[in-house]
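Asks: My questions all concern the structure below.
The values are calculated or read from the model by the stated rules, or taken from the named source; none is laboratory data. What you see is a predicted model, and the numbers here were worked out from it, not measured in a lab. Cβ placement follows ideal geometry from the backbone for every residue including glycine, while neighbour counts extend to all protein chains displayed. For the accessible areas, the whole protein counts, side chains as well, though only heavy atoms, and no ligand, DNA or RNA atoms are used. Shrake-Rupley method; radii C 1.70, N 1.55, O 1.52, S 1.80 Å.
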Amino acid sequence: MTIVQHWSIDGVPADAQAAEFEIQSDADVVKVRQAARQLAQKAALSIVDQTKIVTAVSELARNTLIHGGGGTAQVEIVKNEKRVGVRAVFMDEGPGIADTTRALSGGFSTGGGLGLGLSGSRRLVDAFDLDTAPGRGTRVTVTKWAR
Amino acid sequence: MKTLADGGYDISAFFLDHRDVIARDWTQRVAKNSTGRISAAETQSELLPILDALLKIVGEWPNVSGAPFEEVRALLSEYSRSRARNGFSPAETATAVFALRDAVLSEANKNPQGPGYTGIERFSQMIDSLGLITFDAYVRTRETIITSQTEQLLELSTPVVKLWNGILAVPLVGTLDSARTQVVMEALLQMLVSTESQHAIIDITGVPAVDTQVAQHLLKTVMAARLMGAECVISGIRPQIAQTIVALGVEFGDIVTKASLADALQLTLQRSGFEVRKSERKA
Ligand SMILES: Nc1ncnc2c1ncn2[C@@H]1O[C@H](COP(=O)(O)OP(=O)(O)OP(=O)(O)O)[C@@H](O)[C@H]1O
Ligand SMILES: [Mg+2]
């Protein structure tokens, strides 16, 4: 993964293909979401797919903040032989998730939420990877490809 | 510089002895840089108290964080606040402090045959620190201004409008976070009471994305309105939002949703017992 630029204030520079953020506050969640939207537009995702990846990013960034106690996010444009897409990686060194099946089942929340963020994000994207263990933190990677 | 070689004349003593001419020079330098935005008289009335407060405590230089400097710090903060409010840049604001150094040193340099000066280092150090204090106070003022503007924007951006007798509408635009929801909810509940309305339409056409948090906020608002005996309809659900909500698995339960504000209005009118039809009379 190549991180082209590291910044924290005004969103994505016009020529950037990737962005990295600290997630320590609600304002940071908004920044990550804005970067995701800009990169999704640049990757020419449809309006529906833009909305889907932005919503997933919003959910996962908030989980990093609330459940993970803060962490980092990387959003980037990715390419393979056939397609262009947007990938986002969220990392924290929080408590981790003990029962991933339950956390992904939908409707389970330890924080008074709807418990739909994690499971919903999985349905919103094309590829979803959850790497977590109790005491080892959490890493979620999602990718949405342009159709 | 030859004139500033070691000698017996401390720069603070020189400053005291030449207070009037330095004061004039300083205010002129500062006024020149603030043309139009602030009058020369105003500049003078802001700067001279600072200068005199500094001269009262020459023995304390350059320890600006000490208690004797309290008055100077307070005056400088007040000066920064007024500059920040008048649209000066932080650099312009701090430059005024540095201009005092220029005023003092240029006056001292006018007399090359005179005694050398001491204490220039301490004086210069003090000016630097005072500049930083100014800068700090400036930034804090700007932050306060921004916070209060954000709050004002929040309120402005969540108008509750009366569409019809007994029917309110809340057109939401932008991101719906917790603070915003709180404002929307309060404004809506307030208006429900004051207008004795039984119906409200929450239009989310202008909301870019609905995630679980936004959904939860919407649900809460609807529930709160219900507790007050009013029914809400959520309108402006665009196709991409509808698909996202379905994928997330959010359920709006028995809350009625409509694609457009027009549909929602029609439904609400019906529910309130109004009948909307085209007049048969030719116009
Ligand atoms: N980064 C994380 N670190 C630790 N636990 C997490 C993390 N992300 C999710 N979880 C756990 O998984 C549960 C389900 O997450 P999910 O996002 O689906 O629901 P939620 O955040 O509780 O509510 P919401 O519907 O508002 O998102 C959380 O309640 C939490 O216990
Ligand atoms: Mg969540």
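Asks: Could you order the peptides A:131-143, A:27-39 from most to least packed, using the average number of other C-beta atoms within 10 Å per residue?
Replies: Sorting A:131-143, A:27-39 by mean packing, highest first, produces A:27-39, A:131-143.
Asks: Projected onto the charge dipole of chain A (+1 at Lys/Arg Cβ, -1 at Asp/Glu Cβ, origin at the Cα centre), which of A:Val32, A:Gly115, A:Gly68 gives the Cα projection farthest towards the positive end?
Replies: A:Gly115
Asks: Separate question: Among all stretches of chain A without exposed GluC sites (Glu not before Pro) (DSSP loop, at most 15 other Cβ atoms within 10 Å), which one is longest?
Replies: A:1-80
Asks: Oh, and also: Over the range B:4-153, what relative contact order in percent results from Cα pairs under 8 Å that are six or more residues apart?
Replies: With pairs under 8 Å counted, the relative contact order is 39 percent.
Asks: A further question follows. Count the lysine pairs in chain B whose Cα atoms sit under 27 Å apart, keeping only pairs 8 or more residues apart in sequence or on different chains.
Replies: Lysine pairs satisfying the spacing and distance rule in chain B number 9.
Asks: At a Cα cut-off below 30 Å, give the lysines reachable from A:Lys79, other chains included and same-chain residues fewer than 8 away excluded.
Replies: Cross-link targets: A:Lys31, A:Lys42, A:Lys52, A:Lys144.
Asks: How big is the B/A interface in buried accessible area, both sides summed, 1.4 Å probe, to the nearest 100 Å²?
Replies: Roughly 1500 Å² of accessible surface disappears when B and A pair.
Asks: Using the Cα atoms of the range A:4-145, I'd like the radius of gyration and the largest Cα-Cα distance, Dmax, both in angstrom.
Replies: Here Rg and the maximum Cα pair distance are 14.3, 43 Å.
Asks: Test of the criteria: in the range B:45-108, which trypsin sites (Lys or Arg not before Pro) are in a DSSP loop and have at most 15 other Cβ atoms within 10 angstrom of their Cβ? Please report the intermediate quantities before stating the final value.
Replies: Working: sites: B:Lys56, B:Arg73, B:Arg81, B:Arg83, B:Arg85, B:Arg101; in loops: B:Lys56.
Counting only loop positions with at most 15 other Cβ atoms within 10 Å, the trypsin sites (Lys or Arg not before Pro) in the range B:45-108 are B:Lys56.
Asks: Counting GluC sites (Glu not before Pro) as exposed when in a DSSP loop with at most 14 other beta carbons within 10 Å, what is the longest stretch of chain B free of them?
Replies: Values: sites that count: B:Glu196, B:Glu251, B:Glu275, B:Glu280.
Answer - B:1-195.
Asks: Let me ask something else about it. For chain A, what does the relative contact order come out to in percent, with C-alpha contacts under 8 Å and a separation of six or more?
Replies: So the answer I get is 23 percent.
Asks: Given the -39500 (n - 2.57) contribution per DSSP H run of 4+ residues, what per-residue ellipticity at 222 nm results for chain B, rounded to the nearest 500 deg cm²/dmol?
Replies: Helix-only estimate at 222 nm: -19500 deg cm²/dmol.
Asks: Can you tell me the orientation of helix B:90-108 relative to chain B, as the angle in degrees between its alpha-carbon axis and the longest Cα principal axis, to the nearest 10?
Replies: For helix B:90-108, the angle is close to 10 degrees.
Asks: Could you work out how far the C-alpha centroid of the range A:67-119 sits from that of the range B:223-277, in angstrom?
Replies: The range A:67-119 and the range B:223-277 have Cα centres separated by 30 Å.
Asks: Could you tell me the relative contact order of chain B? Use alpha-carbon pairs under 8 Å, at least six residues apart, and round to a whole percent.
Replies: RCO, chain B: 15 percent.
Asks: Still on this model: Hey, got the dipole for the range A:4-145? About the Cα centre, +1 on K and R Cβ, -1 on D and E Cβ, debye to the nearest 20?
Replies: It comes to approximately 480 debye.
Asks: Choose one of B:Val160, B:Leu16, B:Gln270: the residue whose Cα lies farthest towards the positive end of the charge dipole of chain B (beta-carbon charges +1 Lys, Arg; -1 Asp, Glu; about the Cα centre).
Replies: So the residue we want is B:Gln270.
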